[in-house]
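A short write-up of the structure that comes next.
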Amino acid sequence: MPKIAIIISSTRATRFADKPAAWLQGIVAQRTDAEYELVDLRDFPMPFFDEVASNAYAPTQNEVAVRWQKKVAEFDGYIFLTAEYNHAPTAVLKNALDYAYTEWNKKPAAFVGYGSVGAARAIEQLRLIAVELQMAPTRTGVHIQGADFFGAWQQGAALEDMAHLQPGVQAMLDELNWWTVALKTAREA
């Protein structure tokens, strides 16, 4: 059974990420095509990248980063749950991406974003980063934006009640699963 990580990319004390993380966990719990695990960057407090080189070229010295690399290596695919700060992904996510390399290679990445524009600009940048890490970013992303985002963030609206988000979530998960199985099969061949 393929293993897919849902990576929470905000570590702020006041983050919104917990709501979409719980919502997404509820959705994937109903699926039988993969094993999904929530991975919170709060559990991996890495300093800003200050290694001699990428772990593709030199062993990482930071113990938390080594633990992060081992965690990343456990998975066959990833869903990045991301906010958008100043038209970009969170610094903590970019740092976490930089601390691993070979662990990401030849694995798919999907994206769920939230914010006024559903983290669309952050996700576009993450797709470019994913390609450099030799990942396969999937086409369909989920963007919790505008009234949906502000309703859930400020007015307590439940993401579970936003049925219009469901087709996109299911399409994203179907694509991610297809790529996860295909790339896992190829890696093991």
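Of all residues assigned to segment 90-110, at least one qualifies as being of a type in the set (Val, Ile, Thr), in contact with a Ser or Thr (Cβ under 8 Å, 6 or more places away or on another chain) and closer than 13 Å to Ile7 by Cα. Within segment 137-145, is there a residue that is part of a helix (DSSP H, G or I), in contact with a strand residue (DSSP E or B) (Cβ under 7 Å, 6 or more places away or on another chain) and either modelled with pLDDT of 95 or more or of a type in the set (A, V, I, L, M, F, W, C) (or both)? The answer is no, given that none of the residues of segment 137-145 is part of a helix (DSSP H, G or I), in contact with a strand residue (DSSP E or B) (Cβ under 7 Å, 6 or more places away or on another chain) and either modelled with pLDDT of 95 or more or of a type in the set (A, V, I, L, M, F, W, C) (or both).
The set of residues from segment 1-25 being among the small types (Gly, Ala, Ser), part of a helix (DSSP H, G or I) and open to solvent by less than 40 Å² (accessible area, probe 1.4 Å) comprises just one member, Ala21.
Okay, residues lined up against (1) open to solvent by 20 Å² or more (accessible area, probe 1.4 Å); (2) among the charged types (D, E, K, R):
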position	(1), (2)
Arg127	yes, yes
Leu133	no, no
Gly156	yes, no
Gln170	yes, no
Leu183	yes, no
Ala186	yes, no
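Residue under question is Phe75, and the condition is that it be outside any loop (DSSP other than H, G, I, E, B), touching a residue at least 60 places away in the same chain (Cβ under 8 Å) and within 19 Å of Val131 (Cα to Cα); does it hold? For Phe75, the condition - outside any loop (DSSP other than H, G, I, E, B), touching a residue at least 60 places away in the same chain (Cβ under 8 Å) and within 19 Å of Val131 (Cα to Cα) - is not met. From the list Val117, Val92, Val112, the lone residue that is of a type in the set (A, V, I, L, M), outside any helix (DSSP H, G or I), open to solvent by 10 Å² or more (accessible area, probe 1.4 Å) and in contact with a helix residue (DSSP H, G or I) (Cβ under 9 Å, 6 or more places away or on another chain) is Val117. Among the residues of segment 98-109, those identified as in contact with a helix residue (DSSP H, G or I) (Cβ under 7 Å, 6 or more places away or on another chain) and within 20 Å of Lys184 (Cα to Cα) are Ala100, Glu103, Trp104, Lys106, Lys107, Pro108, Ala109.
Answer yes or no as to whether Ala65 is out of contact with any Cys (no Cβ under 7 Å at 6 or more places or on another chain), in a helix (DSSP H, G or I) and either at negative phi or surrounded by 21 or more Cβ atoms within 10 Å (Cβ to Cβ) (or both). Taking the combined requirement at face value, the residue satisfies it.
For Ala152, the stated conditions hold: it is over 17 Å from Ser9 (Cα atoms), touching a helix residue (DSSP H, G or I) at 6+ places or on another chain (Cβ under 8 Å), outside any loop (DSSP other than H, G, I, E, B) and of a type in the set (A, V, I, L, M). Is there any pair linking a residue in segment 157-179 that is in contact (Cβ under 8 Å) with a residue 40 or more places away in the chain and charged (D, E, K, R) to one that is in a helix (DSSP H, G or I) and open to solvent by less than 60 Å² (accessible area, probe 1.4 Å), with Cβ under 8 Å and at least six apart or on different chains, and which? Between residues of segment 157-179 that are in contact (Cβ under 8 Å) with a residue 40 or more places away in the chain and charged (D, E, K, R) and residues that are in a helix (DSSP H, G or I) and open to solvent by less than 60 Å² (accessible area, probe 1.4 Å), the close pairs are Glu160/Trp23; Glu160/Gly26.
The values are calculated or read from the model by the stated rules, or taken from the named source; none is laboratory data. Since the model is a prediction, treat every value here as computed from it, not as a measurement. Positions of Cβ are backbone-derived with ideal geometry, glycine not excepted, and every protein chain shown enters the neighbour counts. Ligands, DNA and RNA are excluded from the accessible area calculation, which covers all protein heavy atoms including side chains. Shrake-Rupley method; radii C 1.70, N 1.55, O 1.52, S 1.80 Å.
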